[in-house]
Amino acid sequence: MNILEQMREYGHERVAFHQDPQTGLRAIIALHSSVLGNALGGTRRWCYATEQDALHDVLRLSQGMTYKCACAGLPMGGGKSVVWLPQRGHAPTEAEARAMGRFVDTFNGVYIAAEDVGTTPQYIDWMAMETAHVMGGEQVSRGGDPSPFTARGVFNGMKACLEYAFGSPSVEGRTVAVQGLGNVGTYLVKLLVEPGARVIGADINRQHVERCVDQYGITAASTDEILLTECDVLAPCALGGVIDANTARKLNCRVVCGGANKVLDCPEEDAVVLKSRGIVYGVDFVVNAGGVIELSGQYLNYSRQKLDAMNDEIEATTAQILREGETLSSTYEAAIALGDRRIAAGAASKRERIHAG
């Protein structure tokens with residue numbers, strides 16, 4: 001399938017490729033939708049096996065951002081960018097980041113970059129030396145690390161899932177298996193252990209595991225066993241696509257709710273398997289919207305009070321989707337339907353404003 005066919009399948013407006021001969025930067029920006037507003041989405045640095053893998057990742061992630069913003073009630077569209085690294089562990093440089101910033105600037109603000117896997121506030125600040133259309137830095141840009149807000153949103157969504165599965169939103173006494181103990185995973189661990197949850201954690205980086213064991217008293221597990229660990233809640237907080245139909249049939253949990261994007265390999269099918277097994281699925285692009293709420297809200301100059309209220313609203317939105325999912329094939333279908341309704345309403349409102357003007 002060629003690129004234009006893939007864009008049509010996913011519903012993208014624009015996909016741009018870029019290579020910078022001075023720094024060796026190879027990158028893709030995918031603008032999925034600007035119906036609700038300018039698109040904000042992270043810049044992911046990753047070593048992809050092939051160009052097609054990089055393209056597939058940026059297409060699916062940018063599509064997810066459209067629905068993330070819509071379900072969160074944000075007047076923002078969906079976009080994403082990826083930097084294709086030449087090898088694992090390739091160190092970020094100011095020159096590379098500034099080249100990426102110049103690439104982002106060619107979108108003239110319709111796409112606003114932010115932090116993601118493989119980038120840091122420092123990297124974002126370097127990008128901001130070349131473009132005003134970036135959020136998540138601390139010195140040149142603004143917004144800072146959105147991870148604490150992403151984790152808070154996941155925690156809010158998890159409470160709705162627990163209420164639905166067990167009749168109480170409390171995590172006290174519950175066992176939560178966290179896959180991925182990076183920034184989001186670690187902040188989530190903190191939110192879980194303070195009210196009395198028992199946490200089992202795993203990460204490919206042993207130092208991350210040891211930090212959480214020392215600071216929060218979690219139980220360490222291997223990366224091979226964490227997904228199938230017996231628990232009340234499985235919280236995938238690493239990369240996406242970790243649960244396929246086969247894995248879904250083997251899970252030993254009552255709830256799946258985590259911070260990773262696109263946690264299901266084929267959500268249209270895998271979410272149906274989860275529902276058939278009685279596993280409550282907190283749809284990833286709904287529960288992990290706290291970070292984009294924070295950065296988008298700062299971009300839109302929202303007050304601290306409004307930002308906190310929107311993050312807390314993730315619990316109610318998740319509960320609504322769980323209820324609506326009862327009469328549909330899955331909670332994923334219910335979340336897509338909610339997003340589609342809000343996008344359609346936004347498009348209608350935009351047409352009315354244009355006609356009125």
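Since every read-out is calculated from the coordinates, none of them should be taken as a lab result. Here the structure is a predicted model, which is why all the values come from computation and not from measurement. For neighbour counting, all protein chains shown are included, and Cβ atoms are generated from backbone atoms with ideal geometry for every residue, glycine included.
The table for this structure:
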| quantity | calculated |
| --- | --- |
| Computed label-point distance, nm, for sites L300 and Y216 using a 7 Å Cα→Cβ extension | 2.9 |
| Difference of contour (0.36 nm per residue) and Cα-Cα distance, E230 to A344 | 37.0 nm |
| Where labels lie 7 Å past Cα in the beta-carbon direction, separation of T327 and Q52 in nm | 4.2 |
| Under 16 Å from the Cα of K250 - lysines, other chains or at least 8 residues apart | K275 |
| Extension reserve of the E269-N108 stretch, reckoned as 0.36 nm per residue once the Cα distance is removed | 54.2 nm |
| Cα centre as origin, Lys/Arg/Asp/Glu Cβ charges: the chain dipole, Debye | 500 |
| Range of Cα positions in the chain per principal axis (Å), largest first | 51, 51, 45 |
| Cross-link partners of K68 among lysines (Cα-Cα below 16 Å; sequence separation of 8 or more within a chain) | K80, K262 |
| Eligible lysines near K159 by straight Cα distance, threshold 16 Å, same-chain separation 8 or greater | K190 |
| Computed Rg/Rh of region 147-339, alpha carbon atoms with Kirkwood Rh | 0.95 |
| Sorted peptide list for 1-7, 320-326, criterion being average Cβ within 10 angstrom, highest first | 320-326, 1-7 |
| Protection proxy ranking of 8-14, 52-58 - average other beta-carbon atoms within 10 Å, highest first | 52-58, 8-14 |
